[in-house]
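Take a look at the structure below.
The values are calculated or read from the model by the stated rules, or taken from the named source; none is laboratory data. All figures in this text were calculated on a predicted structure; none of them were measured in a lab. Note that each Cβ is placed from the backbone with ideal geometry, even for glycine, and that neighbours are counted across all protein chains shown.
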Amino acid sequence: MRIVVALGGNALGKTPEEQLELVKETAKQIVKIVEAGYEVVVVHGNGPQVGMINLAFDSSYQNESGTPLMPFAECGAMSQGYIGYHLQQTITDELNLKKIDKECVTIITQVEVDPDDPAFDNPTKPVGMFYSKEQAKEIEKEKGYTFVEDAGRGYRRVVPSPKPVSIVEQDVIRQLVSDGNIVITCGGGGIPVRVDRKDGYEGVDAVIDKDFAACKLAKVIDADVLLILTAVSKVCIGFNTPEQKELDEITIHEALEYVSRGEFAKGSMLPKVEACIDFVRDSSNGIAIISALKDGLSALNGKTGTRITK
């Protein structure tokens, strides 16, 4: 059975040292799933990490050190390599400890987006550091970036969050998985690219939601399960109210009803539920599960988590 596991970027830490410690536990949970006989593909977020990389370049540029402003697509690629390296290393260590004869590999992954996606007309994702109004205007003029005032603390660059259209490296990902390898891919939702008729693909300044990228990947590699691991054991309705209720199993019809009622927060649970709905709707027999990282295998065995089915 083939599983796409989606890990949140916030679960991976905010510094290299913190991340390396945290991913050791992540690796244990992933290898438990592998040990149980599942084929595993890992997708991860990169919110704190790509922000840290972007901030470092912005800060160095502002201090006139000669460092250039780094395009956001390149920052995403750096975060894929950095996070993938830690995951790949710790998963391999855990495989060796368990004497499991499998390879783990990270693929720097490009994800195509539609240049006509409405998200490009409404960039909303803040990235990087705060600038004064004058500095922001200067950079806007120089680089064409978009800045907005953020929380009264200054101006920050904002980038769009378009939906994934296709995964450029999907054929090699599928082959590596079929050969029995653990594949880490679509890090941070993938490096957003668009097709340039003259030069092929080119990077764009955007952030793709990692849950939607994981959904797209799960469909193109014919996964049986989309497993989204987060900070909570189950999805709730009436969250943080006296009527809060945990959901064990819901259909996509019920999930859509909860979405229409505004039960899920836009910045956290909503994209996870929407990605699950999308995967289940387009899959013949696939299911989607949302659960806590520590409960990954238990959720696959039906002991915890929220299952979304047809």
May I ask you to list pairs of residues, at least six apart or on different chains, whose Cβ atoms are under 6 Å apart, with the first in segment 268-279 being surrounded by 24 or more Cβ atoms within 10 Å (Cβ to Cβ) and the second being part of a helix (DSSP H, G or I) and charged (D, E, K, R)?
272/211; 275/211
Just checking, does segment 192-205 include any residue being at pLDDT 95 or above and hydrophobic (A, V, I, L, M, F, W, C)?
yes
Note on segment 72-101: residues more than 29 Å from residue 33 (Cβ to Cβ) and surrounded by 17 or more Cβ atoms within 10 Å (Cβ to Cβ) are 72, 73, 75
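Results for (1) closer than 20 Å to residue 207 by Cβ; (2) in contact with a strand residue (DSSP E or B) (Cβ under 8 Å, 6 or more places away or on another chain); (3) part of a strand (DSSP E or B), shown as yes or no for each residue.
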{"residue": "139", "(1), (2), (3)": "yes, yes, no"}
{"residue": "142", "(1), (2), (3)": "no, no, no"}
{"residue": "162", "(1), (2), (3)": "yes, yes, no"}
{"residue": "165", "(1), (2), (3)": "yes, yes, yes"}
{"residue": "172", "(1), (2), (3)": "no, no, no"}
{"residue": "176", "(1), (2), (3)": "no, yes, no"}
{"residue": "180", "(1), (2), (3)": "no, yes, no"}
{"residue": "188", "(1), (2), (3)": "yes, yes, no"}
I'd like to know if segment 62-69 contains one or more residues that are surrounded by 17 or more Cβ atoms within 10 Å (Cβ to Cβ) and either in contact (Cβ under 8 Å) with a residue 12 or more places away in the chain or not aromatic (Phe, Trp, Tyr) (or both).
yes
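Tell me which residues, restricted to segment 165-192, are surrounded by fewer than 20 Cβ atoms within 10 Å (Cβ to Cβ) and within 19 Å of the chain's Cα centre (by Cα).
Passing the criteria: 165, 166, 168, 169, 170, 174.
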Segment 239-255, residues that are assigned to a loop (DSSP other than H, G, I, E, B) and either surrounded by 11 or more Cβ atoms within 10 Å (Cβ to Cβ) or hydrophobic (A, V, I, L, M, F, W, C) (or both)
239, 247, 248
Being touching a residue at least 60 places away in the same chain (Cβ under 8 Å) and farther than 30 Å from residue 2 by Cβ is the filter here; which residues of segment 43-56 pass it?
51, 54, 55
Looking across segment 16-73 at residues that are of a type in the set (Gly, Ala, Ser) and not in a helix (DSSP H, G or I), the single one that is nearest to the chain's Cα centre (by Cα) is 45
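Rundown of residues vs (1) hydroxyl-bearing (Ser, Thr, Tyr); (2) modelled with pLDDT of 95 or more; (3) touching a His at 6+ places or on another chain (Cβ under 8 Å); (4) in a helix (DSSP H, G or I), yes/no style:
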{"site": "88", "(1), (2), (3), (4)": "no, yes, no, yes"}
{"site": "93", "(1), (2), (3), (4)": "no, yes, no, yes"}
{"site": "96", "(1), (2), (3), (4)": "no, yes, no, yes"}
{"site": "102", "(1), (2), (3), (4)": "no, yes, no, no"}
{"site": "105", "(1), (2), (3), (4)": "no, yes, no, no"}
{"site": "123", "(1), (2), (3), (4)": "no, no, no, no"}
If the Cβ limit is 9 Å and pairs must be 6+ apart or interchain, which residue in segment 230-252 that is without any contact (Cβ under 8 Å) to a residue 60 or more places away in the chain and closer than 26 Å to residue 283 by Cα pairs with which residue that is of a type in the set (Val, Ile, Thr) and not in a strand (DSSP E or B)?
247/235; 248/304; 250/235; 251/280; 252/277; 252/280
Do you know which residues across segment 256-301 are closer than 23 Å to residue 222 by Cα, modelled with pLDDT under 95 and not in a helix (DSSP H, G or I)?
283, 284, 285, 286
Count of residues meeting criterion [charged (D, E, K, R), over 28 Å from residue 287 (Cβ atoms) and in contact (Cβ under 8 Å) with a residue 12 or more places away in the chain] in segment 1-42
2
